[in-house]
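The values are calculated or read from the model by the stated rules, or taken from the named source; none is laboratory data. Computed from a prediction, not measured in an experiment: that's the story for all the values here. Quick reminder, even Gly has a Cβ in these numbers, built from the backbone with ideal geometry, and neighbours come from all protein chains shown. The accessibility values were calculated without ligands, DNA or RNA, using every heavy atom of the protein model including side chains. Shrake-Rupley method; radii C 1.70, N 1.55, O 1.52, S 1.80 Å.
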There are 2 protein chains.
Amino acid sequence: MTVSLARVRTRLTDTNQEVMAFRFEVIKKDNLSQARLGRIETDHGSFTTPAFLPVGTQGSIKSLTPEELVEIGVEAILGNTYHLYLRPGHETIERLGGLHTFIHWERPILTDSGGFQIFSLGSLRKISEEGVTFQSHLDGSSHFLSPEKVMEIQRSLGSDIAMVLDECVPYPSPYEYVKVSMERTSRWAKRSLEVRRETDPALFAIVQGGVHRDLREKSVHKLVEMGFHGYAIGGLSVGEPKSMMSDVLKWTTPLLPENKPRYLMGVGTPEDILNAVMLGIDFFDCVLPTRNARNGTLFTSSGKISIKQAQYAEDGKPVDETCTCYTCRHYSRAYLRHLYLSKEILSSRLNTIHNLFYYINLLVKIKGAIQEGRLLDFYKSHTSPHGLEIEFPAHFQSD
Amino acid sequence: MTVSLARVRTRLTDTNQEVMAFRFEVIKKDNLSQARLGRIETDHGSFTTPAFLPVGTQGSIKSLTPEELVEIGVEAILGNTYHLYLRPGHETIERLGGLHTFIHWERPILTDSGGFQIFSLGSLRKISEEGVTFQSHLDGSSHFLSPEKVMEIQRSLGSDIAMVLDECVPYPSPYEYVKVSMERTSRWAKRSLEVRRETDPALFAIVQGGVHRDLREKSVHKLVEMGFHGYAIGGLSVGEPKSMMSDVLKWTTPLLPENKPRYLMGVGTPEDILNAVMLGIDFFDCVLPTRNARNGTLFTSSGKISIKQAQYAEDGKPVDETCTCYTCRHYSRAYLRHLYLSKEILSSRLNTIHNLFYYINLLVKIKGAIQEGRLLDFYKSHTSPHGLEIEFPAHFQSD
């Protein structure tokens with residue numbers, strides 16, 4: 001509770017009109033891969049890339065305070081537009097001073113467009129050129145969201161990085177549908193850009209096109225031509241085989257402008273992240289570390305463990321003896337197992353602190369490796385039997 | 001997370017045998033009531049009285065870390081022998097270094113005897129002179145606990161203050177049963193004392209006798225004759241009318257030795273606490289502030305509020321504008337309402353921090369009032385329309 005959160009002043013124009021301060025800088029490019037070290041500056045401070053953004057679905061990173069996130073090393077978080085729009089409502093949040101003030105988080109916030117959640121509702125939603133009609137999962141009430149409305153919501157939330165409304169198609173889907181959907185997502189991106197105001201959050205487009213190279217390429221070309229502050233790769237981690245993610249990234253990232261950040265949405269495992277960094281991705285969000293934590297699955301330097309297992313009943317060691325997180329500094333596996341089995345709230349907290357620290361620390365190590373020109377060695381060392389067990393992409397095989 | 005916990009070294013004898021270091025000192029007695037300001041010293045540091053001990057049922061004060069408790073001002077906590085005996089087991093905790101190490105709390109711990117929980121099981125338990133047989137609420141397994149066994153369990157846990165096994169009779173109960181039960185509880189107390197070792201926790205006896213003056217008096221006389229480190233008043237807050245608690249305290253505390261601490265078990269509301277302090281009680285434990293917090297009921301300087309109410313939907317004010325707790329410093333009622341309705345884990349945390357701070361701060365104010373000889377004024381000022389609304393006992397009416 002004692003960590004202070006740095007507040008960054010909004011830049012003002014001559015007429016005292018606030019303008020959005022967004023800048024991306026590539027600090028260093030890796031020689032042996034597409035990886036880059038970079039920095040994203042926003043009205044609420046900067047974060048270094050490659051970065052991992054924990055997911056604050058309903059206005060909190062489940063179980064943690066902002067001070068704890070800062071202590072873990074989190075520099076930016078994601079908020080879910082869909083959830084906040086439904087409850088407590090973006091207008092309420094705006095009247096209360098915006099999302100940063102509402103949730104007491106003074107660093108960068110990226111908000112998604114709600115598209116992923118809406119399209120996950122299945123039969124509860126209906127799509128048209130104009131937008132998407134859906135029923136709330138909370139009370140069944142009917143809602144309509146268009147690209148313009150989603151911009152308005154994210155404006156009210158006061159996020160630093162906004163996403164365009166997109167359709168995330170499931171895997172597998174017929175080629176024809178993926179094509180129609182991708183083209184509509186591109187038209188929606190254009191509409192989003194057209195209503196964007198100078199004071200609005202930075203706006204990222206979302207590349208779609210499923211697992212089809214021609215559609216992904218077309219999507220990139222259309223979006224890059226329009227010109228966004230950054231580009232996300234969507235529609236991955238939706239059930240497709242692991243290798244396809246690498247394929248889509250290999251087709252896509254080389255076509256994206258070098259001077260704009262690249263965001264891989266909803267990904268992923270530590271292996272996925274390391275792999276995608278080498279394929280040119282700058283940042284990530286995923287519920288995996290926080291959700292796993294609440295289910296008692298913990299990441300360690302020697303693989304995942306399930307803390308509920310009987311083997312930990314009298315294990316006085318920390319989760320990971322190489323870890324310096326708050327949980328590993330003070331608590332035994334036996335205590336964490338006890339808290340989990342006893343359904344104590346502290347279980348979710350201590351596990352979440354550990355897993356998020358694991359992710360953030362992985363990114364710290366990746367950034368160090370890029371800085372020092374040893375990312376490929378880092379990558380290889382993490383393919384050891386006790387490492388990340390990533391599938392080494394053919395074009396990185398150096399020997 | 002950054003608050004450090006002071007570790008207090010155990011006193012050693014000449015032969016390096018650890019002995020229990022327990023001492024109670026009355027620092028100041030109030031002139032107009034039975035209230036006393038005091039200090040209890042244990043192997044794990046001291047705490048000032050009147051004190052409130054939050055309840056760590058299963059090895060955690062629900063939702064909070066020890067560092068947060070320290071920041072709130074908590075000086076000592078209670079652990080439930082019944083729950084820890086069943087899960088993870090006292091022998092497991094002993095092998096892991098004792099309860100303090102297991103839960104990462106380095107300040108005083110009082111453990112109850114498990115009596116209250118066992119006797120709350122109703123038909124699942126059977127009492128005899130030897131002890132009590134009961135079935136676990138977790139898995140239905142059968143267990144037998146005697147006064148001696150309960151001493152052994154608390155020895156394994158390594159608590160600083162242990163309680164004798166007692167029977168807590170419900171209200172109302174037939175006079176004859178309360179008498180039989182009280183007498184057995186006294187015999188159990190004697191057996192507990194007989195097996196107590198020099199290195200064991202300080203041992204408190206529990207005064208029983210329901211709402212019957214003669215039985216309470218007999219109970220006190222028997223227990224005081226045996227000589228314990230301190231005396232608890234049990235069997236209150238079990239459904240009896242409010243005024244009876246004052247009556248029992250008025251009959252009981254004057255008969256207890258002045259130089260021994262007095263503990264009112266399982267009590268209570270802020271009003272109960274202030275009232276009992278004036279009737280000579282030194283410390284309390286109760287689940288009320290923590291349980292209420294999780295249910296969205298918050299204590300404020302102008303009465304209790306239910307944070308789920310619609311009136312707080314856009315209320316940007318803190319829970320209590322006069323409060324300086326972490327929650328009130330950083331979050332609005334609207335956000336706390338949102339977290340509660342969204343069933344976010346952070347809701348329980350922030351509410352628990354506030355309610356415990358309210359309780360600890362009440363005790364701070366009470367201690368200050370005793371120190372400065374203005375407890376009666378404090379008491380009266382809290383009977384204002386917006387105060388604690390306590391029933392002012394007749395013998396304190398000064399005008």
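Brief remarks follow.
- The antiparallel fraction among DSSP beta bridges confined to chain B stands at about 50%.
- List B:354, B:44, ordered by accessible area with a 1.4 Å probe, largest first: B:44, B:354
- Surface accessible to a 1.4 Å probe, residue A:321 within the full protein complex, Å²: 130
- Shielding score for A:87-98, defined as the mean number of other chain Cβ atoms within 10 Å: 3
- Sparse-neighbourhood loop sites, chymotrypsin sites (Phe, Trp or Tyr not before Pro) in segment B:219-263 - DSSP loop, at most 14 other Cβ within 10 angstrom: none
- In segment A:240-305, the convex hull through the Cα atoms has an average projected area of 5.1 nm², a quarter of its surface area.
- In the complete set of protein chains, residue-level accessible area for residue B:166 is approximately 10 Å², probe 1.4 angstrom.
- Buried on assembly, segment A:269-315 (at least 20 Å² less accessible surface than by itself, 1.4 Å probe): A:314
- Magnitude of the charge dipole for chain B, about its Cα centre and with charges confined to Cβ atoms of Lys, Arg (+1) and Asp, Glu (-1), is about 340 debye.
- Number of partner chain Cβ atoms within 10 Å, mean per residue of A:102-109: 2
- Label-point spacing at residue B:39 relative to the other copies reads 5.1 nm, in ascending order, each point sitting 7 Å out from Cα along Cα→Cβ.
- Rounded if a/c under 1.5, otherwise prolate or oblate - segment A:59-133, Cα gyration tensor axes: prolate
- When residue B:126 is represented by a point 7 angstrom out along its Cα-to-C-beta vector, the spacings to that point in the other copies are 6.6 nm, nearest first.
- Full extension of the chain segment joining residue A:177 with residue A:221 gains 13.9 nm, where the gain is 0.36 nm per residue of separation less the Cα-Cα distance.
- Surface share of carbon and sulfur [accessible, 1.4 angstrom probe, percent] for the protein assembly as shown: 48
- Accessible-area ranking of A:65, A:322, largest first, probe 1.4 Å: A:322, A:65
- Three-way shape label, chain B, alpha-carbon gyration tensor, a/c 1.5: rounded
- Checked against a 18 Å cut-off, the cross-linked pairs A:29/A:260; A:242/A:365; B:126/B:190; A:304/A:343; A:62/A:343 give Cα-Cα distances beyond that limit for A:242/A:365; B:126/B:190; A:304/A:343.
- Given 12 as the ceiling on other Cβ atoms within 10 Å, longest exposed-site-free region of chain A for trypsin sites (Lys or Arg not before Pro) in DSSP loops: A:12-196
- In summary, segment A:223-276 shows an alpha-carbon radius of gyration equal to 1.15 times the 2.2 N^0.38 Å reference for compact globular proteins.
- Here the dipole of segment A:167-218 is about 60 debye; that uses its Cα centre as origin and unit charges on the Cβ of Lys and Arg (positive) and Asp and Glu (negative).
- Once A binds B, the 1.4 Å probe can no longer reach about 3900 Å² of accessible area, counting both sides.
- For segment A:95-234: rounded, prolate or oblate by the Cα gyration tensor [a/c cutoff 1.5]: oblate
- Over segment A:197-356, volume per residue of the alpha carbon convex hull, in Å³: 148
- Backbone N within segment B:18-61 under 20 Å of label point (7 Å from residue B:124 Cα along the Cβ vector): B:56-60
- Placing +1 on each Lys and Arg Cβ and -1 on each Asp and Glu Cβ, with no other charges, gives segment A:16-151 a dipole about its Cα centre of roughly 340 debye.
- In the assembly of identical copies, residue A:94 has its label point, taken 7 Å from Cα in the direction of the beta carbon, separated from the corresponding points by 6.5 nm (ascending, one decimal).
- Cβ neighbours within 10 Å from other chains - mean over A:68-74: 1
- With the convex hull drawn around the C-alpha atoms of the protein assembly as shown, the volume per residue stands at 189 Å³.
- For segment A:207-316, the per residue solvent-accessible surface stands at 34 Å², with DNA, RNA and ligands left out and a 1.4 Å probe.
- Leading residue at positive end of dipole, chain B (Cβ point charges), from B:21, B:259, B:89: B:89
- Heavy-atom surface of segment B:82-204, accessible at 1.4 Å and reported per residue (Å²): 39
- Counting Cα-Cα pairs of segment A:11-92 in 10 Å increments starting at 0 gives whole-percent bin shares of 15, 31, 35, 17, 2.
- Shielded residues, segment A:49-64 - accessible-area loss of 30 Å² or more between chain alone and all protein chains, probe 1.4 Å: A:58, A:60, A:63
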